[in-house]
Structure formats: C-alpha cells, structure tokens
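Here's the structure, in structure tokens; my notes come after.
The values are calculated or read from the model by the stated rules, or taken from the named source; none is laboratory data. On a predicted model such as this, the values are computed, not experimentally measured, just so you know. Please note that ligands, DNA and RNA were not included when accessible areas were found on the heavy atoms of the full protein model with its side chains. Shrake-Rupley method; radii C 1.70, N 1.55, O 1.52, S 1.80 Å.
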Amino acid sequence: MTPPAAPTPKPRPAPPRPKPAPAWQRPLVRWATRFSLAAPRWLPDAVRHAPLKAVSYALRVHYKGWD
C-alpha cells in the first residue's frame with residue numbers, strides 16, 4: 001500500500017500591480033540623469049545632483065497619496 005500524498009499547498013495570491021507611471025515621469029528622470037552624468041566634474045556635487053534630488057522629491061510627493 002502506498003503512503004498518502006502530501007497535501008497540496010494553497011495557491012498564493014497574485015502580487016499587487018505596480019502603480020501606473022505618469023507621462024511626465026520618464027522624460028524628466030532621463031533629463032535629470034543625463035544632466036548629472038554629463039555635468040562637468042568641476043561643478044560641486046550639490047549642483048550636479050540637484051536635478052536628481054528634485055525629481056526624487058517630486059516622485060515621492062506624487063506617489064505619497066497612493067498608499
């Protein structure tokens with residue numbers, strides 16, 4: 001006689017879908033990244049990374065209300 005089969009695990013629920021990206025997000029992030037990478041090295045880091053920090057802040061504010 002064969003032993004009883006192990007119980008099958010319950011299926012996991014699907015992961016939540018990602019929030020839709022607004023149309024302005026991708027071009028703005030690309031511009032900020034290009035600016036930061038192409039800026040001359042003699043510029044202070046605060047100036048070179050300012051666009052990235054501004055975009056990061058804008059995205060945090062934009063997505064904060066979605067929780």
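At a glance:
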{"quantity": "Kirkwood-based shape ratio for the chain, expressed as Rg/Rh from alpha carbons", "calculated": "1.44"}
{"quantity": "Sum of -39500 (n - 2.57) over DSSP H runs of 4+, divided by residues of the chain (222 nm, nearest 500)", "calculated": "-15000 deg cm²/dmol"}
{"quantity": "The chain: most fluctuating residue of Arg30, Arg12, Arg48 per GNM, C-alpha cutoff 10 Å", "calculated": "Arg12"}
{"quantity": "Order of exposure, largest accessible area first, which applies to Ser56, Ser36 with probe 1.4 Å", "calculated": "Ser56, Ser36"}
{"quantity": "Solvent-accessible ranking of Trp31, Trp42, Trp24, largest area first, probe 1.4 Å", "calculated": "Trp42, Trp31, Trp24"}
